[in-house]
1. Against the definition (closer than 16 Å to residue 7 by Cβ, outside any helix (DSSP H, G or I) and touching a strand residue (DSSP E or B) at 6+ places or on another chain (Cβ under 8 Å)), how does residue 111 come out, yes or no?
2. Looking at segment 16-29, which of the residues that are surrounded by fewer than 18 Cβ atoms within 10 Å (Cβ to Cβ) and free of Cβ contacts under 8 Å to residues at least 60 places away in the same chain is nearest to the chain's Cα centre (by Cα)?
3. Write out, first by first residue and then by second, each pair whose Cβ atoms fall under 6 Å of each other, whose residues are 6+ apart or on separate chains, and whose first residue, in segment 134-146, is closer than 13 Å to residue 19 by Cα while the second is assigned to a helix (DSSP H, G or I).
4. If I ask for residues that are out of contact with any strand residue (DSSP E or B) (no Cβ under 8 Å at 6 or more places or on another chain), at pLDDT below 60 and part of a loop (DSSP other than H, G, I, E, B), which ones from segment 146-194 would you list?
């Protein structure tokens, strides 16, 4: 069956998502058109295609155990010189994103993997371009702000054309549409924030 390259992320909603993607393109990042604006939870990971159903079940279980939390993007930062990346910072919601990615990458689960660098939630706006262009990106979006409530995450697959495509969304909380109302256990406390 071969392998597929997957990623799990929180989509940056409109109008912010397309605005930041256009900005990333304007700074000369050639990968920008193929990467929806996002906060990474599981970086690009190659898996066997037959493992996909188990991964989807795992992601659904993680999402079911979470509840929405607020998120704020504000200002810019960089990983330079360690990594050629400029990003918009996550200023509120860091703990929620960190806990969520840890649950997705749990050592006992199908998405277990080590990270190259410690997890730091962010929205990439420039990657691997000239220093001058990265300086422009960092200065050009330093006053950017956006706030919203995260209600779930999504699974993406990278095609042979290197474009990332949405495969499935995972809303937070139990999927009540699949559970008859009388069967729901209303005595349980609400799900923890991730």
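The values are calculated or read from the model by the stated rules, or taken from the named source; none is laboratory data. From a predicted model like this one, the values you see are computed outputs, not experimental measurements. Every residue, glycine as well, gets a Cβ built from its backbone with ideal geometry; the counts of neighbours run over all protein chains shown.
1. Here the answer is yes, as residue 111 does meet what is asked.
2. Among those residues, the one meeting the criterion is 17.
3. Close Cβ pairs (under 6 Å, with a partner that is assigned to a helix (DSSP H, G or I)) amount to 146/16.
4. 179, 180, 184, 185, 186, 187, 188, 189, 190, 191, 192 - these are the residues of segment 146-194 that are out of contact with any strand residue (DSSP E or B) (no Cβ under 8 Å at 6 or more places or on another chain), at pLDDT below 60 and part of a loop (DSSP other than H, G, I, E, B).
Residues checked against (1) in contact (Cβ under 8 Å) with a residue 12 or more places away in the chain; (2) surrounded by 15 or more Cβ atoms within 10 Å (Cβ to Cβ); (3) outside any loop (DSSP other than H, G, I, E, B); (4) in contact with a strand residue (DSSP E or B) (Cβ under 6 Å, 6 or more places away or on another chain):
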residue	(1), (2), (3), (4)
4	yes, yes, yes, yes
8	yes, yes, yes, yes
14	no, no, no, no
39	yes, yes, yes, yes
43	yes, yes, yes, no
59	yes, yes, yes, yes
63	yes, yes, yes, yes
73	yes, yes, yes, yes
83	yes, no, no, no
